[in-house]
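Asks: Before anything else, here's the structure in question.
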Amino acid sequence: MKFNVAVTLLLVSLVGIAIQGCHGKVVQFIFGDSLSDVGNNKYLPRSLAQASLPFYGIDFGNGLPNGRFTNGRTVADIIGDNTGLPRPPAFLDPSLNEDVILENGVNYASGGGGILNQTGGYFIQRFPLWKQIELFQGTTELITNKLGKQAAEFFQDARFVVALGSNDFINNYLMPVYSDSWKYNDETFIEYLMETLEQQLRVLHNLGARQLMVFGLGPMGCIPLQRILSTSGQCQERANKLALSFNKAASNLLVNMASKLSNASFKFGDAYDVVNDVIRNPYKYGFNNSDSPCCSLGNIRPALTCLPASTLCEDRSKYVFWDEYHPSDSANELIANELIKKFGFLDVNSHAPAPAPESAIAPSPDE
């Protein structure tokens, strides 16, 4: 879990062209962490990375928890809505079947997940990227059984998003309880991540992924959790430097892979600057708080999740962060709109009207 805007990024998959063939619309397959999770962890009964209690989801739909680690929508929800893409359901959603996949794609993202299998181990249950890819392999077999030879075209034209990485630092390398924290230094740990990520992307390519974007990390040293753990209350610059180093290495990796893999449009999406500016200059964007969570237990911090006993801020639309890790719906909307402009996202399925937003930010219920 965390403000991994990587996730934020995940959304760029949305640049699209309609599928020419067996199906009439572009769908996306999302691989990510808590910034992109739309309910997978909700179905993992032993997972400690959960968004299943109030006040999660308070500004989405019926106001009840739905598996999203925020008060409203994810960045992916918002970008998809604004570019004509359907919202991919969670892989573990009981309603998922072949027809749903063909219409909407699948979201495999899991709170606490990382590029490395060991990342987030203390959350007990979560899907690391290797597991998410394994689940996608099952999806390819399911769709191939239904479509036959046309399945290859369906997957080749689909959009793939990979948005993980912050957990590998925040919930692994930067925590001394993990062996990776003493086995590697900053440089060799990022090399280890890149070697693993390259293997994972090659497997996705072998499974038919051709249009793929990997999203970079945001200023993870500025999430409320990192600030409260510092002596000064300021951003943890080491964590931010690690994010920038990760982004540089991942960008180089994607350029190299795109030049070597057949018919591969592998791209890197970097939104570090956008998110950093929102955090550093909140008033410029209409926020009045970018260093503490809207949902908290008052002076008891860090309270790692939002709980029924928590107190909500007076105006959720003015807070950049919802909890210690994750941005608010308002911040996600601003980030999504900035990304749409920065990356020039197009309306993918122009013949299909975008769904109405399921969020209306309201004041705290205490008011």
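Asks: I'm trying to understand the selection: among the residues of region 242-288, which are assigned to a helix (DSSP H, G or I), more than 22 Å from PHE345 (Cβ to Cβ) and of a type in the set (A, V, I, L, M, F, W, C)?
Replies: If the condition is that a residue be assigned to a helix (DSSP H, G or I), more than 22 Å from PHE345 (Cβ to Cβ) and of a type in the set (A, V, I, L, M, F, W, C), then LEU242, ALA243, LEU244, PHE246, ALA249, LEU253, MET257, ILE279 are the ones that fit.
Residue-by-condition table, conditions (1) in contact with a Gly (Cβ under 6 Å, 6 or more places away or on another chain); (2) among the acidic types (Asp, Glu); (3) at pLDDT 95 or above:
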site	(1), (2), (3)
ALA109	yes, no, yes
GLN118	no, no, yes
GLN125	no, no, yes
GLU141	no, yes, yes
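Asks: If I ask for residues that are assigned to a helix (DSSP H, G or I) and in contact (Cβ under 8 Å) with a residue 12 or more places away in the chain, which ones from region 203-218 would you list?
Replies: Of everything in region 203-218, those that are assigned to a helix (DSSP H, G or I) and in contact (Cβ under 8 Å) with a residue 12 or more places away in the chain turn out to be VAL203, LEU204, HIS205.
Rundown of residues vs (1) touching an Asp or Glu at 6+ places or on another chain (Cβ under 9 Å); (2) not in a helix (DSSP H, G or I), yes/no style:
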| position | (1), (2) |
| --- | --- |
| ASN171 | no, no |
| MET175 | no, yes |
| TYR178 | no, yes |
| SER181 | no, no |
| PHE189 | yes, no |
| GLU195 | no, no |
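Asks: Would you point out the residue of region 175-200, among those that are aliphatic (A, V, I, L, M) and either more than 20 Å from the chain's Cα centre (by Cα) or loosely packed, with under 13 Cβ neighbours inside 10 Å (or both), that is nearest to GLY216 (Cα to Cα)?
Replies: MET175
Asks: Output the residues belonging to region 298-344 that are assigned to a strand (DSSP E or B) and touching a helix residue (DSSP H, G or I) at 6+ places or on another chain (Cβ under 6 Å).
Replies: VAL320, PHE321, listed by residue number.
Asks: Let me ask something else about it. Go through region 107-146 and report how many residues are surrounded by 24 or more Cβ atoms within 10 Å (Cβ to Cβ) and either touching a strand residue (DSSP E or B) at 6+ places or on another chain (Cβ under 8 Å) or not hydrophobic (A, V, I, L, M, F, W, C) (or both).
Replies: 14
Asks: Something else: Any chance region 262-282 includes a residue that's closer than 25 Å to ARG210 by Cα, exposed (fewer than 14 other Cβ atoms within 10 Å of the Cβ) and over 22 Å from the mean Cα position of the chain (by Cα)?
Replies: yes
Asks: Can you name every residue in region 40-97 that is in contact (Cβ under 8 Å) with a residue 12 or more places away in the chain and among the hydroxyl-bearing types (Ser, Thr, Tyr)?
Replies: TYR43, SER47, SER52, TYR56, THR70, THR74, THR83
Asks: Okay, next question. Enumerate the pairs (first residue in region 226-243 and without any contact (Cβ under 8 Å) to a residue 12 or more places away in the chain; second residue anywhere and surrounded by 14 or more Cβ atoms within 10 Å (Cβ to Cβ)) with beta-carbon separation below 7 Å, excluding pairs fewer than 6 apart on the same chain, so at least 6 apart or on different chains.
Replies: Note: pairs meeting the criteria are SER230/GLN236; GLN234/ARG227.
Asks: Right, here's the next one. Take MET194 and decide whether it is of a type in the set (A, V, I, L, M) and free of Cβ contacts under 8 Å to residues at least 12 places away in the same chain.
Replies: no
Asks: Give the residues of region 206-223 that are over 18 Å from the mean Cα position of the chain (by Cα) and surrounded by 18 or more Cβ atoms within 10 Å (Cβ to Cβ), sorted by residue number.
Replies: Selection gives GLY208, ALA209, ARG210.
Asks: Among the residues of region 283-298, is there at least one that is farther than 15 Å from ASN71 by Cβ, at pLDDT below 95 and aliphatic (A, V, I, L, M)?
Replies: yes
Asks: When both residues are 6+ apart or on different chains and their Cβ atoms are under 8 Å apart, which pairs have a first residue that lies in region 147-161 and is modelled with pLDDT under 95, and a second that is crowded, with 21+ Cβ neighbours inside 10 Å and among the hydroxyl-bearing types (Ser, Thr, Tyr)?
Replies: Listed by first residue and then by second, the contacts come to ARG159/SER13; PHE160/SER13; VAL161/SER13; VAL161/SER36.
The values are calculated or read from the model by the stated rules, or taken from the named source; none is laboratory data. Bear in mind that the values here come from a model prediction, so they are computed numbers and not experimental data. In this analysis, Cβ positions are derived from the backbone assuming ideal geometry, glycine residues included, and neighbour counts consider all displayed protein chains.
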